[in-house]
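The values are calculated or read from the model by the stated rules, or taken from the named source; none is laboratory data. Every value quoted in this text rests on a predicted model; they were computed, and no experiment measured them. When we count neighbours, we look across all protein chains shown, and the Cβ atoms used for this are built from the backbone with ideal geometry, even at glycine.
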Amino acid sequence: MKFFSVLGNYLLLIKGMFTRPENIKMYWKELMHQCVEIGIGSLGIVSIISVFMGAVSAAQTAYQLTNPLIPKSTLGQIVRDTVILEFAPTLVCIVLAGVVGSKIASELGNMRSTEQIDALEIMGINTKSYLVAPKILAALITIPLLVVIAMFLGIWGGRLTSTLTNIVSGDTYDKGLLDGFSAINVYFALAKAYTFAFIISSIPAFYGYNVKGGALEIGRASTTAVVTSCILVLFADYILAALLL
């Protein structure tokens, strides 16, 4: 019964974002602030992870491609598809679930515990629309862009490792990148990015918005939000792979 109660409250939170919206000028400033916090604030960790993600993928793929009948350009093809289909959207979003999710949950939880949300509601402001909607919309704008950046950096990281360690030449790696490329893989990765962006922004917002208590409850809500988001990201990853591939 607790599951259905939580699910119902979550759906009511989402519904509340679209009822009685505030002035668009109020949203714009908050939306830009959240885009900077979520997008620019996460760019550093995403860049570092993506480069090493591609480098490790190239090194491990080269370790397994020992058959002389397999062309060396296959390395670039495997790294490309691995980064685009799985590493860039899924691994990056799991990391962002911890970085962004904990921030959203703790921010809203702190506002709830210090009665700032109650004060805004007394002033007649729809807090679900004003506080939650810009965070979700900012995530839907910035996280897919971060995933695209992760794709390029992951592929570049694989190329850098391959050339520096003399696994394959740069021309051979580039040839593998062009062999058998399908744009559907990019669309599939973007579909996952938008789905994961909604999950890792709305779930923490729900737990943070409904915090009851002080600092200890805020910490528990942040932890629960991150764990739940990671589980749902992996579950959605399987569902999307089964439906779209």
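Across segment 61-73, which residue is modelled with the highest pLDDT among those that are loosely packed, with under 13 Cβ neighbours inside 10 Å and among the polar types (S, T, N, Q)? Even if it seems obvious, please write down each step before you answer.
Start the filter on segment 61-73 by keeping residues that are loosely packed, with under 13 Cβ neighbours inside 10 Å, which leaves 63-64, 66-70.
Those left that are additionally among the polar types (S, T, N, Q): 64, 66-67.
Working: Gln64: 79, Thr66: 71, Asn67: 70.
Per the stated criteria, the residue is Gln64.
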For segment 87-98, state whether one or more residues are in a helix (DSSP H, G or I) and surrounded by fewer than 16 Cβ atoms within 10 Å (Cβ to Cβ). no
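Among the listed residues Asn210, Asn185, which satisfies the condition of being within 30 Å of Met111 (Cα to Cα) and over 12 Å from the mean Cα position of the chain (by Cα)? Walk me through it before giving the result.
On the way: Asn185 fails: within 30 Å of Met111 (Cα to Cα).
Of the residues listed, the single one that is within 30 Å of Met111 (Cα to Cα) and over 12 Å from the mean Cα position of the chain (by Cα) is Asn210.
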Cβ pairs under 9 Å, 6+ apart, first in segment 1-20 and over 18 Å from Gly208 (Cβ atoms), second loosely packed, with under 10 Cβ neighbours inside 10 Å and at pLDDT 80 or above: none
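Could you please let me know if Gly101 is in contact (Cβ under 8 Å) with a residue 60 or more places away in the chain, small (Gly, Ala, Ser) and either closer than 26 Å to Thr195 by Cβ or in contact with a Pro (Cβ under 8 Å, 6 or more places away or on another chain) (or both)? Walk me through it before giving the result.
Details: in contact (Cβ under 8 Å) with a residue 60 or more places away in the chain: yes; small (Gly, Ala, Ser): yes; either closer than 26 Å to Thr195 by Cβ or in contact with a Pro (Cβ under 8 Å, 6 or more places away or on another chain) (or both): yes.
For Gly101, the condition - in contact (Cβ under 8 Å) with a residue 60 or more places away in the chain, small (Gly, Ala, Ser) and either closer than 26 Å to Thr195 by Cβ or in contact with a Pro (Cβ under 8 Å, 6 or more places away or on another chain) (or both) - is met.
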Report yes if Leu145 is in contact (Cβ under 8 Å) with a residue 40 or more places away in the chain and crowded, with 17+ Cβ neighbours inside 10 Å, otherwise no. no
If a residue counts only when it is more than 30 Å from Leu65 (Cβ to Cβ), which helices (runs of 4 or more DSSP H) contained entirely in segment 122-240 have at least 2 such residues? 133-164, 183-209
Looking only at segment 41-57, decide whether some residue is of a type outside the set (Lys, Arg), within 23 Å of Phe206 (Cα to Cα) and either in a helix (DSSP H, G or I) or at pLDDT 90 or above (or both). yes
Regarding Lys103, is this residue surrounded by fewer than 16 Cβ atoms within 10 Å (Cβ to Cβ), assigned to a helix (DSSP H, G or I) and not aliphatic (A, V, I, L, M)? no
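Determine which member of the set Ile45, Ile122 is without any contact (Cβ under 8 Å) to a residue 12 or more places away in the chain, surrounded by fewer than 16 Cβ atoms within 10 Å (Cβ to Cβ) and among the β-branched types (Val, Ile, Thr). Before the answer, list the steps.
On the way: Ile45 fails: without any contact (Cβ under 8 Å) to a residue 12 or more places away in the chain.
Result: Ile122 is the single residue among Ile45, Ile122 that is without any contact (Cβ under 8 Å) to a residue 12 or more places away in the chain, surrounded by fewer than 16 Cβ atoms within 10 Å (Cβ to Cβ) and among the β-branched types (Val, Ile, Thr).
On the given criteria, is Gly76 surrounded by 22 or more Cβ atoms within 10 Å (Cβ to Cβ), touching a Lys or Arg at 6+ places or on another chain (Cβ under 9 Å) and not hydrophobic (A, V, I, L, M, F, W, C)? Give the steps one after another, and end with the answer.
Details: surrounded by 22 or more Cβ atoms within 10 Å (Cβ to Cβ): yes; touching a Lys or Arg at 6+ places or on another chain (Cβ under 9 Å): yes; not hydrophobic (A, V, I, L, M, F, W, C): yes.
Answer is yes for this residue.
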Of those in segment 223-245 that are among the small types (Gly, Ala, Ser) and under 21 Å from Gln34 (Cα atoms), the residue farthest from the chain's Cα centre (by Cα) is Ala225
Only one of (1) free of Cβ contacts under 8 Å to residues at least 24 places away in the same chain; (2) closer than 26 Å to Gly39 by Cβ is not met by Arg220, so which one is it? (2)
Got at least one residue in segment 167-180 being buried (at least 18 other Cβ atoms within 10 Å of the Cβ) and under 20 Å from Cys230 (Cβ atoms)? no
Just one of the numbered conditions (1) in a loop (DSSP other than H, G, I, E, B); (2) in contact with a helix residue (DSSP H, G or I) (Cβ under 9 Å, 6 or more places away or on another chain); (3) without any contact (Cβ under 8 Å) to a residue 60 or more places away in the chain; (4) not charged (D, E, K, R) is not true of Asn67; which one? (2)
